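Q: Can you read through this structure? Questions will come right after.
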Amino acid sequence: MSIGKGVRGWLRSLIGRRSEPLDANRPDLVVVVSSFDDAEACSTALERAAEATPVWQAEDEAVLRHHLALPADRVDRAAELAGQDGYVVAGTGDGNVPAAAVAGASVILQRVQVLDALHCAQEKSRMASLAQRLGGTALGWDALQPQDSAG
C-alpha cells in the first residue's frame, strides 16, 4: 500500500498538482491525523494516520492546527507570537477538546505546511512552550488535508 501512495505522490508532482499552495479555507478539508496525548510521538501519530481513513498524504501540504488552552487575556499575545512563524488564529473552541481541560479560552492556531515527524515534533514543542509562557497549556494538534476522492 505504501508503494501505491508513493506512486500517487510522484504522479501528482509530475502533473503539477502542487502549483498552488493549499487553501486552509477549502470546504473539503478533513482531519487526517490528530494527537491529543502529550506522551504520543508525532511519528507514531503519523504512522497511524498513514494506515487510517481518510489517509494522510505525506507528500502533500496539510493544515497543521494546534489546540491551546490560554487565559482569555493572553490570546492576542499568542496570536502575535505565533504569527511570526506564519500561524493564524483559526478559531476558538473545538468539539474535539475536552471542556475539563480548558481554562480560559480554547484557541486554535494553524498554518499550512508539508507535515513530517521531525517538523511536527518541533512545532508541538514550540506550541507547548508558547502556551506555558502565557499561563496556558497545549492540548494537542491535528492536521487537515483535502479529501482524496481518487483514493
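Q: Of all the accessible heavy-atom surface of the range 13-82, with the other protein chains kept in place and a 1.4 Å probe, what percent is carbon and sulfur?
A: Here it works out to 49 percent.
Q: Then there is this: If you count only protein heavy atoms and use a 1.4 Å probe, how large is the accessible surface of Leu134, to the nearest 10 Å²?
A: Approximately 10 Å² of Leu134 is accessible to the 1.4 Å probe.
Q: For a Förster distance of 41 Å, can you work out the FRET efficiency between the beta-carbons of Ala117 and Arg77, rounded to the nearest 0.05?
A: Calculated value: 0.90.
The values are calculated or read from the model by the stated rules, or taken from the named source; none is laboratory data. This one's a predicted model, so the numbers in the text were calculated from it and none came from an experiment. No Cβ is skipped: glycine too gets one built from the backbone with ideal geometry, and neighbour counts run over all protein chains shown. Ligands, DNA and RNA are excluded from the accessible area calculation, which covers all protein heavy atoms including side chains. Shrake-Rupley method; radii C 1.70, N 1.55, O 1.52, S 1.80 Å.
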